[in-house]
Amino acid sequence: MVFKSHMFQALDEARAAGVRGEVPVGAVVVAPDGRVVAAAGNRTRELCDPSAHAEMLAIRAACAAAGSERLTGHDLYVTLEPCAMCAAVIAAARIARLYYGAADPKSGGVAHGARVFSHPQAHHVPQIYDGIGAEDSAALLRTFFAAARDSAAKG
């Protein structure tokens, strides 16, 4: 089988989140047969829900579509390294492969910070591929936060 990245769709979700005033992070869940079964961008502000990260929303939608709390064999593409909360849900959902773009030294939970998958308490560890679309992902975040700083400075 030929590898096909779905990071472009996760980036589209991230861009849409940024337009909504959310931190521009997007996620896509792909079924074992290659179909995209869920896609989402951050909605924490819109939903007044600190757990409404792109990964959480996409995993919730994919689980609902599958009629199961497990997504065995599924892939998750996300534009930013998942935080510890999202990494724990990725493990609980039994995601097979995690592809992420930009590293997150401040709040990441995979390669930084809590490193959720390195603990014996992690019930499942997905295959992890980082740096997929990292430049585009990081550029979206830099632009968003620079605009937020400029807006705050103006008043």
Express the carbon and sulfur contribution to the solvent-accessible surface of segment 95-155 as a percent, rounded to the nearest whole number, probe 1.4 angstrom.
-> 54 percent
With the label point 7 Å along the Cα-to-beta-carbon line of Lys154 and a cut-off under 19 Å to each amide N, the hits in segment 19-48 are 19-23
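What accessible area per residue, rounded to a whole number of Å², is obtained for segment 91-152 using a probe radius of 1.4 Å?
57 Å²
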If each of Thr143 and Val125 carries a label point 7 Å out from its Cα toward its Cβ, how far apart are those two points in nm?
-> 3.7 nm
Angle between the chain longest axis and helix 7-19 axis [Cα atoms, degrees, rounded to 10] = 40 degrees
Which of the peptides 140-152, 104-116, 20-32, 47-59 is most tightly packed, and how do the rest follow, going by the mean number of other Cβ atoms within 10 Å of each residue?
-> 20-32, 47-59, 104-116, 140-152
Only Cα pairs under 8 Å and at least 6 apart count here; give the relative contact order of segment 55-100 as a rounded whole percent.
-> 48 percent
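The values are calculated or read from the model by the stated rules, or taken from the named source; none is laboratory data. The structure presented is a predicted model; accordingly, all values stated were derived computationally and were not measured. Every residue, glycine among them, receives a Cβ derived from its backbone with ideal geometry; neighbour counts consider all protein chains shown. Surface accessibility is based on the protein's heavy atoms, side chains included, excluding ligands, DNA and RNA. Shrake-Rupley method; radii C 1.70, N 1.55, O 1.52, S 1.80 Å.
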